[in-house]
Amino acid sequence: MRPLSGIKVIEFCQVLAGPFCGCLLADMGADVIKVEAPDGDLMRAWPPIVDGYSQYFASVNRNKRSVVLDLKTAEGLASARKLALAGDVVIENFRPGVMAKFGLDHAALSKQKPSLVYCSVSAYGQSGPRAREGGFDMTLQAMSGAMSVTGDADGRPAKCGIPIADFTTGLYAAFSVVASLNKVARGQDSGHGDYIDVSMLGSMLGIANLQTSELFGTGRDPVRLGSAHPMNAPYAGFRCRDGDIALAAGTNRLWEAACDGIGREDLTTDPRFTTPSLRAKHQNELRDLLEQTFANYDAAQLLTIFRERGVPCAPINTYSQVLADPQVQHMQWVEPVTLPGNVASKTVISPQRVSGERLGVYRNPPALGQHTSDVLKEL
């Protein structure tokens with residue numbers, strides 16, 4: 001029994017933010033029914049394609065059932081409405097106003113089912129001057145300010161290599177859905193569900209506490225610092241003899257321990273480096289001095305030195321390296337998954353453990369419309 005067993009979620013979503021929300025709920029045990037158009041979620045065509053099936057699509061659509069309904073037909077629309085009213089939750093990520101055209105919006109459905117929890121995921125929100133604008137992860141990273149603080153100080157703005165706007169929005173949406181389900185279960189507000197409006201722009205601002213606090217406190221816009229931290233040092237990536245490492249000696253105690261490990265106790269009394277804020281102010285000089293010493297060590301040697309002294313540090317891994325790490329293997333975060341056509345693959349599962357149990361794959365990623373007949377019979 002997973003935490004959301006018995007909860008039925010109807011997902012009218014495609015690509016990433018909405019489907020990731022549905023994936024999180026499915027991992028927790030909800031019966032997530034993904035409603036797709038006859039040509040399917042756009043992400044089904046995104047590479048890498050393994051025997052005709054998208055590995056990318058599989059990564060955020062495990063543990064779901066797929067139903068094909070053509071909402072442009074009376075029959076498909078009627079089935080979609082019945083399905084939505086049979087659910088506890090509806091998730092959609094069309095542009096504002098689209099679901100209302102089909103009579104599948106919150107206002108229409110909640111009249112018949114007041115307890116329905118309805119979550120709309122969009123680029124900019126359901127109202128306001130930008131509400132009708134579309135958006136993808138990269139454009140929201142740009143719009144939200146995230147790209148202005150990502151990249152090297154003397155380089156061009158860069159986006160995060162992970163689609164952070166999509167995934168952050170999906171997390172906020174899933175959290176909001178579960179909170180509203182809890183409210184309904186407790187009988188608050190006469191058991192009425194909520195209409196949840198989650199936007200990618202708002203979600204990206206929601207995690208930018210460091211940057212917005214800097215702006216509010218100083219009146220200055222934060223700037224790009226590469227891997228460095230605006231208020232702490234050494235807290236960045238550093239070059240050594242055979243590569244790079246990440247070092248986070250952000251307190252005086254950790255700073256002193258790091259200096260002791262490499263025989264540079266003199267740096268702890270240098271007036272430029274006696275406090276975290278001073279080290280941050282002079283971190284370019286600090287980086288040069290540290291890298292001069294680090295050039296005498298291989299990465300593995302430095303990591304051993306710092307770990308023995310309790311100083312947070314890490315190799316700068318590729319994904320193949322981190323997935324082979326003993327900690328990842330111990331936690332069993334990678335599981336086998338079978339794609340349609342009986343193709344064996346792997347996926348990274350939900351990282352939480354609930355009562356000691358992993359939230360792994362219990363239903364393989366679906367083929368397009370694989371469960372249409374079964375779900376319609378249930379109705």
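The values are calculated or read from the model by the stated rules, or taken from the named source; none is laboratory data. It should be emphasised that the depicted structure is a prediction, and the values quoted were computed from it without experimental measurement. A quick note on method: Cβ atoms are made from the backbone with ideal geometry, for glycine too, and the neighbour counts reach across all protein chains shown.
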- For Asp41, state whether it is touching a Pro at 6+ places or on another chain (Cβ under 8 Å), charged (D, E, K, R) and surrounded by fewer than 21 Cβ atoms within 10 Å (Cβ to Cβ). no
- Asp244 surrounded by fewer than 17 Cβ atoms within 10 Å (Cβ to Cβ), outside the structural domain of Gly145 (by TED's automatic domain parsing) and either within 31 Å of the chain's Cα centre (by Cα) or not in a helix (DSSP H, G or I) (or both): yes
- Looking only at the stretch 179-233, count how many residues are among the acidic types (Asp, Glu), in a loop (DSSP other than H, G, I, E, B) and within 21 Å of Ala158 (Cβ to Cβ). 1
- Task: Check the stretch 19-36 and report whether any residue there is in the same structural domain as Ala174 (by TED's automatic domain parsing), among the hydrophobic types (A, V, I, L, M, F, W, C) and farther than 29 Å from Val354 by Cβ.
- Result: no
- Message: Looking at the stretch 303-311, can you tell me whether even one residue there is within 26 Å of the chain's Cα centre (by Cα) and without any contact (Cβ under 8 Å) to a residue 12 or more places away in the chain?
- Response: no
- Message: Test of understanding: among Gly155, Gly161, Gly151, which residue is part of a loop (DSSP other than H, G, I, E, B), closer than 20 Å to Leu225 by Cα and touching a Pro at 6+ places or on another chain (Cβ under 7 Å)?
- Response: Gly151
- Filter result for the condition that a residue is buried (at least 20 other Cβ atoms within 10 Å of the Cβ) and within 30 Å of Gly250 (Cα to Cα), over Met204, Met231, Met200: Met204
- Note on the structure: Residue pairs within 7 Å by beta carbon, gap of at least six or interchain, first lying in the stretch 198-220 and farther than 11 Å from Ser144 by Cα and in the same structural domain as Gly22 (by TED's automatic domain parsing), second surrounded by fewer than 13 Cβ atoms within 10 Å (Cβ to Cβ) and among the charged types (D, E, K, R), listed first then second, are none
- Examine the stretch 288-303 for a residue that is modelled with pLDDT of 95 or more, of a type in the set (Asp, Glu) and not assigned by TED's automatic domain parsing to the domain that holds Ala246, and state whether such a residue exists. no
- Inspect the stretch 285-296 for any residue being more than 17 Å from Pro315 (Cα to Cα) and among the aromatic types (Phe, Trp, Tyr) and give the result as yes or no. no
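Conditions (1) surrounded by 15 or more Cβ atoms within 10 Å (Cβ to Cβ); (2) under 18 Å from Val60 (Cα atoms), marked per residue:
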| residue | (1), (2) |
| --- | --- |
| Ile305 | yes, no |
| Thr318 | no, no |
| Gln321 | no, no |
| Pro326 | no, no |
| His330 | no, no |
| Val337 | yes, yes |
| Gly341 | no, no |
| Thr347 | yes, yes |
- Note on the structure: Those residues of the stretch 67-121 which are in a helix (DSSP H, G or I) and of a type in the set (Val, Ile, Thr) amount to Val98
- Query: So which residues in the stretch 253-277 are among the basic types (Lys, Arg) and in a helix (DSSP H, G or I)?
  - Reply: Arg253
- Message: With the structure loaded, tell me whether Val15 is within 24 Å of Phe102 (Cβ to Cβ), assigned to a loop (DSSP other than H, G, I, E, B), under 19 Å from the mean Cα position of the chain (by Cα) and in the same structural domain as Val98 (by TED's automatic domain parsing) or whether it fails that test.
- Response: yes
- With respect to Ala78, is the statement that it is among the small types (Gly, Ala, Ser), surrounded by fewer than 23 Cβ atoms within 10 Å (Cβ to Cβ), at pLDDT 95 or above and under 17 Å from Glu378 (Cβ atoms) true? yes
- Restricting attention to strands (runs of 3 or more DSSP E) lying wholly within the stretch 291-379, give those where 1 or more residues are under 20 Å from Ile49 (Cβ atoms). 334-339, 343-348
